[in-house]
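Q: Can you read through this structure? Questions will come right after.
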Amino acid sequence: MHTIIKRCHQGNYTFEDLKYLLSVTSEEQTQLLLNEAYQVKCAEVKPIVNLRGIIEFSNICHKDCHYCGIRKSNEFVTRFFMQKDEILESAKWAFKKGYGSIVLQSGERCDLSYVDFVEDCLYAIKEITKGKLGVTLSLGEQTYQTYNRWFKAGAHRYLLRLETSNESLYNQLHPDDHSFLNRKKCLDVLRKVGYQVGTGVMIGLPGQNIDSLVQDVLFFKDNDIDMIGMGPYIKHPDTPMASLDLNLDVQQRFDLALKMIAVCRLVLRDVNIAATTALQAIDAMGREKGIKAGANVIMPNLSDIKYRDKYYLYAGKPCTDENASQCRDCLENRILSIGETINYNHWGDSPHFKKRQASCLY
Ligand code: 5AD
Ligand code: FES
């Protein structure tokens, strides 16, 4: 274990090394892995948590991923689309409370009226916060032109999870008209346009194995990814995948997600890694445990309670009955209680992106 961790520190780990780390099960070895990753986190990105207030502004989705609760074929969902002034109110609130940056997320659409709407919101957010509030987008696969328009309108980070780097597994999780190659291409286009690029995978999917997760980590490394968002797969009862048996129980998926965070921190070092809401859906202390395993970003929900229970991607999504200000107070106490501080009023870009940019200039 110590030899493998040392190789990770030196950057000369092997595929088998990463497989070993993700496979440890004893309490002692797991704790050793998580502690090492936490030390790397403190050294590379400090014992600091960056906040991104997330606004889930619409659950209307034109895609039909087999695992997702807001897929277009789920007729039990009451669809909503927030008004521009509601989005701006949330953004203003986040800015006033020192959140530093927000994420706009919605179901996937690419029609022109939607693209225009997002662009309009971006310009307005930049105007009311004098360009000071950072904006990340998480709006799925779009064209080069759309990504470019939104970048020009002020968005500077983009999250697009690959879901898995294993093409055949990807194809099992999605209908035939969802393209793995296009999704990968989108990550390249986003980087070309100038975004800080985030991606990630679900952990504990039916048909996924440890080899596939090692491939995921290597994909992040090879593609120079700036930000990672990963979480355990959680069944949503009204999706086609709900009937599939899983290899791992819920606790095992949670533990594996923490190990993935730790291995990503050991391998990727200076990237931003989110402790995602899916962790908290399984364990009330899930996000704190994610931070202690090497994550450095938390994304508190800013959406109004009336919309939250309609944005169920998976079962048991937490905090659907708390408003944004309750969320903020509870989160601050939780972060302080694990010996970390919050990076208020900063965008909290990943040092990896800054280095990548600097190396492009010279
Ligand atoms: N379990 C866990 N994560 C899910 N997501 C969607 N459905 C589920 C689920 N059932 C994640 C996907 C997507 C992100 C917005 O939410 O990774 O990219
Ligand atoms: Fe909406 Fe997958 S179901 S993007």
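The values are calculated or read from the model by the stated rules, or taken from the named source; none is laboratory data. Quick caveat, the model's predicted, so the values are computed rather than measured. For neighbour counting, all protein chains shown are included, and Cβ atoms are generated from backbone atoms with ideal geometry for every residue, glycine included.
Q: Does at least one position in segment 167-181 carry a residue that is among the aliphatic types (A, V, I, L, M), more than 13 Å from K63 (Cβ to Cβ), within 16 Å of ligand 1 (Cβ to nearest atom) and under 17 Å from the mean Cα position of the chain (by Cα)?
A: Within segment 167-181, none of the residues are among the aliphatic types (A, V, I, L, M), more than 13 Å from K63 (Cβ to Cβ), within 16 Å of ligand 1 (Cβ to nearest atom) and under 17 Å from the mean Cα position of the chain (by Cα).
Q: Could you pull out the residue among R79, R71 that is within 16 Å of ligand 2 (Cβ to nearest atom) and surrounded by fewer than 18 Cβ atoms within 10 Å (Cβ to Cβ)?
A: Sole residue among the options that is within 16 Å of ligand 2 (Cβ to nearest atom) and surrounded by fewer than 18 Cβ atoms within 10 Å (Cβ to Cβ): R79.
Q: Turning to a different aspect of this structure: With within 16 Å of ligand 2 (Cβ to nearest atom) and of a type in the set (G, A, S) as the only criterion, which of S168, S179 stands out?
A: S179
Q: Do we find a residue being assigned to a helix (DSSP H, G or I), away from ligand 2 (no atom under 16 Å from the Cβ) and out of contact with any Phe, Trp or Tyr (no Cβ under 6 Å at 6 or more places or on another chain) anywhere in segment 239-249?
A: For segment 239-249, residues assigned to a helix (DSSP H, G or I), away from ligand 2 (no atom under 16 Å from the Cβ) and out of contact with any Phe, Trp or Tyr (no Cβ under 6 Å at 6 or more places or on another chain): present.
Q: Okay, moving on. Tally the residues that are within 16 Å of ligand 2 (Cβ to nearest atom) and out of contact with any Lys or Arg (no Cβ under 8 Å at 6 or more places or on another chain), restricting the search to segment 191-226.
A: 1
Q: Restricting the search to segment 182-201, which residues are within 14 Å of ligand 1 (Cβ to nearest atom) and touching a Ser or Thr at 6+ places or on another chain (Cβ under 7 Å)?
A: The answer is L187, V201.
Q: Can you tell me which residues in segment 1-16 are farther than 17 Å from L258 by Cβ and either within 23 Å of the chain's Cα centre (by Cα) or not in a helix (DSSP H, G or I) (or both)?
A: Of everything in segment 1-16, those that are farther than 17 Å from L258 by Cβ and either within 23 Å of the chain's Cα centre (by Cα) or not in a helix (DSSP H, G or I) (or both) turn out to be G11, N12, Y13, T14.
Q: Also, quick follow-up: Within the group N209, N272, N223, which residue is more than 30 Å from K354 (Cβ to Cβ), at pLDDT 95 or above and more than 15 Å from ligand 1 (Cβ to nearest atom)?
A: That would be N209, the only listed residue that is more than 30 Å from K354 (Cβ to Cβ), at pLDDT 95 or above and more than 15 Å from ligand 1 (Cβ to nearest atom).
Q: With the condition being under 22 Å from the mean Cα position of the chain (by Cα) and within 15 Å of ligand 1 (Cβ to nearest atom), I'd like the strands (runs of 3 or more DSSP E) fully within segment 45-161 carrying at least 2 qualifying residues.
A: 53-58, 101-106, 134-138, 157-159
Q: Among (1) farther than 28 Å from D238 by Cα; (2) among the hydrophobic types (A, V, I, L, M, F, W, C); (3) touching a His at 6+ places or on another chain (Cβ under 6 Å), which single condition is A315 missing?
A: Unmet for A315, out of (1) farther than 28 Å from D238 by Cα; (2) among the hydrophobic types (A, V, I, L, M, F, W, C); (3) touching a His at 6+ places or on another chain (Cβ under 6 Å): (1).
Q: Only residues that are acidic (D, E) and either buried (at least 24 other Cβ atoms within 10 Å of the Cβ) or part of a loop (DSSP other than H, G, I, E, B) (or both): list them for segment 275-299, please.
A: D283
Q: Those residues that are surrounded by fewer than 16 Cβ atoms within 10 Å (Cβ to Cβ), assigned to a helix (DSSP H, G or I) and of a type in the set (S, T, Y), I need them from segment 17-44; list them, please.
A: S23
Q: Oh, and also: Of the numbered conditions (1) more than 24 Å from M1 (Cα to Cα); (2) surrounded by fewer than 20 Cβ atoms within 10 Å (Cβ to Cβ); (3) more than 16 Å from the chain's Cα centre (by Cα); (4) not hydroxyl-bearing (S, T, Y), L205 satisfies every one except a single condition; which is it?
A: The single condition L205 does not satisfy is (2).
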